[in-house]
Amino acid sequence: MNIQFTSSKLPRKHLLVTTVALLALCAAGYSLVGQRLPKISRAKLELAQVKQGKLEIYAHVYGELASRQERLLTAPAQGKVAEIVQRPGTKVKPDTIILRLSNPQLEQELNKAKGALAKAKAEKAKFSFELQNTRLDAQSKIADAEAALAKAKLELKVNKELMARGIAASLDMQKADLEAQLQTKRLKFEKDKYQQLIDIQSFQQEQNDILVSQEASQVALLQQQLKDMQISAGIAGSLQALEISLGESVQLGQSLAKVGSDETLIAKLRIPQRKADLINQNAHVIIDTQKGQIPAHISRIETLVNDGVVIAEARLDGPLTNNARPALSISAKVFIEEKTQIEYVRQLPGLKPNTTQEVLILGNNQIAKRKSVKFGDLSEGKLVLLAGAATNETLLTSYEDLSAYSSIVLIDDQ
């Protein structure tokens, strides 16, 4: 049996019709699916497109301004608070009296020391008169010895002349010579005694000077202690704290008050430990005092971690705002690093840094589907994207709760 196969080719027109029909069928199916998805007005949504580029990463922290120069005022001696002149918050100068202490015992010791000084000075004056008299007596003896020696030498000379003429005896000559030698030794002895007397008196005078100096130093010390009972600020600034009350007894070295500078300030910043490890010394900082910004830089980072926070100090590099003062609460941005070719999106309501969240991402045909997106740091209102979204995609959120929808359709209000 012969079987014949006939080749039947569909005309191109029929093929085109079939294709159009299939597309129409798909469109109809899509339309039916789209009709089943919830429709949300675009006006009720917040949209942000994913961008790629350079982004400076800052740590947003809080802290307060503090005096760069501080002075702790302590009690110079035991006493009682007799008067409080200034209260915390008062502007002070270095010589401004903060408070006054009283100590009757210190006053008695000062009077006693003054008496001892006067006595030492009187003893010194008395010794000076005695010294002069003793020296005059010694000088008188030297003068007598010199006169006796001159007389002996004269007699020796006369006896020599008489002996040369054969008038004087040899014995008289020997006596005169012996007397001259004796008076010479006597004069030398008196001069040696006088020099020794001068040395001894100089030593005694030096002792008297030391005693007077010691008594004078004691008086000066007690006078200074009594003067220091008037506690002054020591530096220009403001009185920050007063730690005692009127009538309170204080001990030597006890803390009384604290004064801090107003013009030279620093910022003390509380930085989370995770971010503190990323911040370098001298990192740029922008201080916000609510009435302006002040440029600064990190000058010191403490190593101690307290409740997950590290304290860092920032040195201010610009002029102060008119509300800047110690203990003023501030916010600050601390530069961490500059990242290039990084994907980021402006922060939308509900998107949190350093989290992984289910977010609606807008695709074609105005349909948004929920995807898992991993976010990184937040800086300058820009949220770093680590995974889950690509450049030019659009993330959206709403103030309404859309967590029940895995996909939505965006519509424009008519």
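The values are calculated or read from the model by the stated rules, or taken from the named source; none is laboratory data. None of the values given here were measured: they were computed from a predicted structure. In this analysis, Cβ positions are derived from the backbone assuming ideal geometry, glycine residues included, and neighbour counts consider all displayed protein chains. SASA here: full protein model, heavy atoms, side chains in, ligands and nucleic acids out. Shrake-Rupley method; radii C 1.70, N 1.55, O 1.52, S 1.80 Å.
Before moving on, here are some points about what is shown:
- Any chance ILE266 is assigned to a loop (DSSP other than H, G, I, E, B), surrounded by 15 or more Cβ atoms within 10 Å (Cβ to Cβ) and at pLDDT 90 or above: no
- Residue in region 130-153 that is among the basic types (Lys, Arg), open to solvent by 80 Å² or more (accessible area, probe 1.4 Å), over 30 Å from GLN174 (Cβ atoms) and in a helix (DSSP H, G or I) present: no
- Residue pairs whose Cβ atoms lie under 8 Å apart, separated by 6 or more positions or on different chains, with the first residue in region 327-350 and closer than 20 Å to LEU362 by Cα and touching a residue at least 60 places away in the same chain (Cβ under 8 Å) and the second acidic (Asp, Glu) and open to solvent by less than 60 Å² (accessible area, probe 1.4 Å), are LEU348/GLU46; PRO349/GLU46.
- Check on LEU386, crowded, with 17+ Cβ neighbours inside 10 Å and either in contact with a strand residue (DSSP E or B) (Cβ under 8 Å, 6 or more places away or on another chain) or not charged (D, E, K, R) (or both): no
- Contacts under 8 angstrom Cβ, first residue in region 212-237 being more than 29 Å from ILE84 (Cβ to Cβ), partner assigned to a loop (DSSP other than H, G, I, E, B) and modelled with pLDDT of 90 or more, 6 or more apart: none
- Candidates LYS112, LYS39, LYS126 - the one that is open to solvent by 70 Å² or more (accessible area, probe 1.4 Å), under 30 Å from LYS369 (Cβ atoms) and out of contact with any helix residue (DSSP H, G or I) (no Cβ under 8 Å at 6 or more places or on another chain): LYS39
- Region 355-365, residues that are touching a residue at least 40 places away in the same chain (Cβ under 8 Å) and either open to solvent by less than 80 Å² (accessible area, probe 1.4 Å) or among the β-branched types (Val, Ile, Thr) (or both): LEU360, LEU362
- Restricting attention to region 57-84, the residues that are in contact with a helix residue (DSSP H, G or I) (Cβ under 6 Å, 6 or more places away or on another chain) and either surrounded by fewer than 19 Cβ atoms within 10 Å (Cβ to Cβ) or farther than 25 Å from SER238 by Cβ (or both) add up to 2.
- Of everything in region 368-378 that is touching a residue at least 24 places away in the same chain (Cβ under 8 Å) and under 16 Å from THR397 (Cβ atoms), the residue that is most open to solvent (accessible area, probe 1.4 Å) is LYS369.
- Residue satisfying all of: in region 270-290; closer than 14 Å to GLU64 by Cα and assigned to a loop (DSSP other than H, G, I, E, B); least open to solvent (accessible area, probe 1.4 Å) among these: THR289
- Complete set of residues in region 312-321 that are more than 19 Å from LYS258 (Cβ to Cβ) and in contact with a Lys or Arg (Cβ under 6 Å, 6 or more places away or on another chain): THR321
- Conditions (1) modelled with pLDDT of 80 or more; (2) open to solvent by 60 Å² or more (accessible area, probe 1.4 Å): number failed by ARG165: (1)
- Considering the conditions (1) in contact (Cβ under 8 Å) with a residue 24 or more places away in the chain; (2) of a type in the set (S, T, N, Q); (3) farther than 27 Å from ASN282 by Cβ, THR321 is excluded by exactly one of them, (3).
- Selection within region 317-354 - open to solvent by 30 Å² or more (accessible area, probe 1.4 Å), at pLDDT 90 or above and aliphatic (A, V, I, L, M): LEU320
- Cross-chain or 6+ apart pairs with Cβ under 6 Å, region 104-129 first and within 15 Å of ALA220 (Cβ to Cβ) and touching a residue at least 40 places away in the same chain (Cβ under 8 Å), then open to solvent by 60 Å² or more (accessible area, probe 1.4 Å) and part of a helix (DSSP H, G or I): ALA113/GLN218; ALA120/LEU211
- Enumeration of residues in region 129-147 that are touching a helix residue (DSSP H, G or I) at 6+ places or on another chain (Cβ under 9 Å), at pLDDT below 80 and either polar (S, T, N, Q) or over 30 Å from PHE203 (Cα atoms) (or both): THR134
- Scanning region 291-304 for residues that are over 19 Å from ILE57 (Cβ atoms) and open to solvent by less than 60 Å² (accessible area, probe 1.4 Å) gives GLY292, ILE294, SER299.
- Among the residues of region 85-100, those identified as surrounded by fewer than 18 Cβ atoms within 10 Å (Cβ to Cβ) and assigned to a strand (DSSP E or B) are LYS91, ILE97, ARG100.
- Per-region count, region 187-234, residues among the charged types (D, E, K, R), open to solvent by less than 50 Å² (accessible area, probe 1.4 Å) and touching a Leu at 6+ places or on another chain (Cβ under 9 Å): 1
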